1. Name the chain B residue nearest the rotation axis between B and A, going by Cβ position, and give the distance in whole Å.
2. Whole-Hz ³J(HN,Hα) for each residue in region A:108-121, computed from phi via Karplus 6.51 cos²θ - 1.76 cosθ + 1.60 with θ = phi - 60°, x for glycine and proline: what do you get?
3. Under a crude label model (7 Å from the Cα following the beta-carbon direction), how far is A:Ser3 from A:Glu90 in nanometres?
4. Take every residue in peptide B:115-125, count the Cβ atoms of other chains within 10 Å of its Cβ, and give the average of those counts.
5. Between A:Ser57 and B:Ala129, with labels modelled 7 Å along Cα→Cβ, what's the label distance in nm to one decimal, could you check?
6. Quote the FRET efficiency, to the nearest 0.05, computed for B:Glu138 versus B:Phe109 with a Förster distance R0 of 25 Å and r equal to the Cβ-Cβ distance.
7. Going by how many other beta carbons lie within 10 Å of each one, how would you line up B:Phe119, B:Phe109, fewest first?
8. Could you tell me which Cys residues in chain B have no other cysteine's Cβ under 4.7 Å from their own Cβ, answering none if every one has a partner?
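Nothing in this text is a laboratory measurement; each read-out follows from the coordinates by a stated rule. As the structure is a computational prediction, the values presented were derived from the model and not from experiment. Every residue, glycine among them, receives a Cβ derived from its backbone with ideal geometry; neighbour counts consider all protein chains shown.
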Number of protein chains: 2
Amino acid sequence: MLSSASKYAINAVLYLAVESSEDKKIGAKEVAEAIGVPTPFLAKLLQNLAKKNVISSLKGPKGGFFLSEENKSLKLISVVEHIDGLSKFEECVLGLKNCSNDKPCPIHFSVQPFKNTMFDELSNNTIEAFAVKVRNGETFLHY
Amino acid sequence: MLSSASKYAINAVLYLAVESSEDKKIGAKEVAEAIGVPTPFLAKLLQNLAKKNVISSLKGPKGGFFLSEENKSLKLISVVEHIDGLSKFEECVLGLKNCSNDKPCPIHFSVQPFKNTMFDELSNNTIEAFAVKVRNGETFLHY
DNA sequence: ATATTTTAAGACCTTTTTATCTTTTATTAA
DNA sequence: TTAATAAAAGATAAAAAGGTCTTAAAATAT
Ligand code: FES
Ligand code: FES
């Protein structure tokens, strides 16, 4: 459904949204251990997201990863977008050339509406919005 | 979303449902060229599906792959099931231990409807039912 | 200034997925 | 019964995804 890379990244970004701030930066190791994913692999993902300004980072003592207010106002889809790209949401599920209602593949009408809904949910809601629900105890990050 | 293997297999099985019969078996090469996927790779997939009785095959001249009436009455999900397995539809999209409405991950409610509906559509409709729509010109297999 | 901390960068390894090729076996038709 | 045909089986190879490690660079505190 999503690549492991995207899964780890969404988890990590939401962890940072809940736990970190400009004053409380968090190291890659701490994030990885908290969400239970391989540390060096996650570190790479966080570096990529930082380079693309989806999250923020600072080197040195007291440094680490964190989310600025600007970062938190990004839509959650931007995490997936910068790691997997959006092709998954654009292409035909069966790999046909164009996905459209005009020339639909056999499972187009079974799948397309929900593909779109999933994409819209991730595209319309900010990282902060998802984090709020975690803070409220409506949804959960770890086990 | 689905693996290439599953995509190819669904395409091929529906092609066979539309084009083949006990009297008109079709070689792996012809199927692969018709749906535009790599021949030897598809041949392996068809062999696997035949071994698992999702499709039928016969060796020798006039041999090839085809769908028996019994095959056609299988649900389309069985193609995916025998190639990718069903874990994709059962597991939490973010990889959390259990996917449930009780302890939902942050994107559970955004994604779960898509996962479930897609699974239900493929689980409730037979291969023949999808093939009928292709024959009627309601949906399409190639480009 | 210097030592320390932590990200950044990039090389490297492993596993899984995708793809190909060759040999064997079963079936049919002549 | 022999030649031709096409799947079955299995070995192999290439590419992508997943994961690790080492070194460099930046920031901080002493
Ligand atoms: S045409 Fe296949 S999903 Fe739209
Ligand atoms: S808990 Fe994550 S999708 Fe259900």
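1. Output: B:Phe114, 1.
2. 3, 6, 7, 10, 4, x, 7, 4, 5, 5, 4, 4, 4, 4
3. 1.6 nm
4. Values: counts 3, 1, 5, 10, 1, 1, 5, 3, 0, 1, 3.
Taking the mean over all residues of the peptide, I get 3.
5. Once both label points are built, they end up 4.9 nm from each other.
6. Once the sixth-power term is evaluated, E becomes 0.20.
7. Fewest to most other Cβ atoms nearby, the residues stand as B:Phe109, B:Phe119.
8. Result for chain B is B:Cys105, no neighbouring Cys Cβ within the cutoff.
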